[in-house]
Amino acid sequence: MNPQITNLIIILVMMQVSKKIPFEDPMVLNGVRALYIISNLLIAGVYLYTKMQIDKKKDMTILKYVEPAPMGSTEEPKAVTTTVH
């Protein structure tokens, strides 16, 4: 299935589910806020762990590739030389 259609279906289902949740109740509202904060801390933790693993390896292998020109542009593709790190 097309990812855009999947995202649309998920959004529509979540909107219907959110209508059923009693956000007027302070306990429910604080619980949802706590879940939001925990999810953001989890995402930040995964990001920092991944960054630490990349920095620990410090792979300085040279990587060469050609960056394509933007669509509809008359520019030539550019050769890019960088490292894996």
Exercise for review: Could you name the lysines whose alpha carbon sits less than 29 Å from that of Lys64, not counting residues in the same chain fewer than 8 places away?
Suggested key: Lys51, Lys56, Lys78
**Study point:** Rounded to 10°, Cα long-axis angle of helix 3-20 versus longest principal axis of the chain
**Key:** 20 degrees
Exercise for review: Give a residue-ordered list of calculated ³J(HN,Hα) values for the range 39-55 (Karplus: 6.51 cos²θ - 1.76 cosθ + 1.60, θ = phi - 60°; whole Hz; x for Gly, Pro).
Suggested key: 5, 5, 5, 5, 4, 5, x, 5, 4, 5, 4, 4, 5, 5, 5, 5, 5
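Explain nothing, just the number: dipole magnitude of the chain about its Cα centre with +1 on each Lys and Arg Cβ and -1 on each Asp and Glu Cβ, in debye rounded to the nearest 20.
On the way: 9 positive and 7 negative charges, 58 e Å.
The calculated dipole for the chain is roughly 280 debye.
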**Study point:** All-pairs alpha carbon distance profile, the range 31-85, 10 Å steps from 0, percent
**Key:** 20, 23, 22, 24, 11, 1
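Any read-out appearing in this document is the output of simple, stated calculations on the displayed coordinates, not a laboratory observation. Bear in mind that the values here come from a model prediction, so they are computed numbers and not experimental data. Cβ sites come from the backbone with ideal geometry, for glycine too, and all protein chains shown count toward neighbours.
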